[in-house]
Amino acid sequence: MKELTLQISKKQRLILIFVMAVLFFMWGLLTNLNLFLYQHFKVVFGLSYSVSTLINLTFFCTYLIVSLQAGSMIQRVGYKKGILIGWLLACAGCFLFLLSVKYKLYYMFLIALFCMASSITILQVGANLYVVLLGGVERAASRLVFVQAFNSLGTVIGPIVSMEILSRHIDFNYDLSYEYLQTLPLLDKITLESIYIGYLYQIFGIAMVVFAIFLMLIYLPELNTRLLEPLNKVTSKRKRHVMHFSQLRLGAFAIFAYVGAEVALANYLEDFSPALAEKYWQLAMLGRFLGALILLYIPTNKALGTVAAISSVLILIVVLLPQDYSEYNFYIIMSIGLFNSIMFPSIFTLGVNGLGKFSLDGSAVLIMFIVGGAVIPFNVRNFADVNYDYALIIVFACYLYISVYGFRLSKYLRRNDLKDDEILA
């Protein structure tokens, strides 16, 4: 990124990265809160398994519905207002959750979930690209991995904070200690906690409103890419469209494959070893903090290709491992969380690299393909009814494609007729 309309000092850039890290942390916490309370919602609303699947469907399909509109909206109002609108929508979703739980209205709960998912989609489209564009392209992936690490930190801390709040309310009202709660049968424990989950949304909603006020007051400079020419050498005479750029088009499928594979493996561990599922996400968080340093010294495409290749080999080992050693499958799959850590930020950075005035459209397309988190796990579960080893071949194919994208497909032929002030990467 040789030239942008943004001119800020190194200190200002660090402050902005810190603000983005806090933003990523809070939305990671909120995202995982809804997943953590999944069983509680089933109790509150008296849901059957088939009806409860609407929760997952609503969340992931929002990416497909809202992403392109989010990009257009941010293009019109700017990054600061766009991010603020996304956050205010999250605040509204939080208080709608509170009302839906209080009055036990499932349709209002789904509306609240759609609001929350829409807000996260807007933030994903705007904030991810904003971090990428904040400085030089050579460190773009490292910056994004770093702030995404705080998103992972939020997903890890969310359940811990939530349990602490719930246990305190239960202790206050029933004089029951946290230790005693842990001895209750799971259904009894969830039923007791479900009475108080409205308090969680009340507390987090207030915290979100405070942060929204902070976002209104903080200086978030605008990034103007609309006058910058793409770097791709396009020989076609057709009118250019964002999907004409191979790094973006193929990167979208890499995002689809990555999110799908990550969620499918998380579901696998949740089914067979919930304790290791927690460690799976913790390794992803640790990997992002380490990856932010590693990507300062290793080219993004090579790092992505390498970790995806390692993941595909590990999946192949799980598939081929004899039944006598199947107990090791869970540990192998858990370890893939470490290699997953840098994939999304790296694919995103490579996908928008060189798009120039199409950068925001490209960001919206990449986020839209997060819908893979609904499609691929669904198919893996269907094949798992026959044999889980065969089902994991789908995940193997996902990682193999991501590796090929990193090593080869993310590259493109560059133009040599641009002036310095027309170059974005």
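The values are calculated or read from the model by the stated rules, or taken from the named source; none is laboratory data. Everything numeric in this text was worked out from a predicted model, so none of it was measured. When the accessible area is computed, the model is the full protein with side chains, heavy atoms only, and any ligands, DNA or RNA have been set aside. Shrake-Rupley method; radii C 1.70, N 1.55, O 1.52, S 1.80 Å.
Sorting L350, L23, L88, L105 by accessible area (1.4 Å probe), largest first, what list results?
Largest accessible area first, the residues go L88, L105, L350, L23.
Work out the P(r) tail for the range 49-113: percent of alpha carbon pairs separated by more than 16 Å, whole number.
Cα-Cα pairs in the range 49-113 separated by more than 16 Å: 57 percent.
Can you pull the percent of Cα pairs in the range 26-140 with separation above 23 Å?
Cα-Cα pairs of the range 26-140 separated by over 23 Å account for 34 percent.
Express in nm, to one decimal, how much length is gained between R249 and V22 on full extension, taking 0.36 nm for each residue of separation and deducting their alpha carbon distance.
78.7 nm
In whole Å, what is the distance between the alpha-carbon centres of the range 369-396 and the range 10-46?
26 Å
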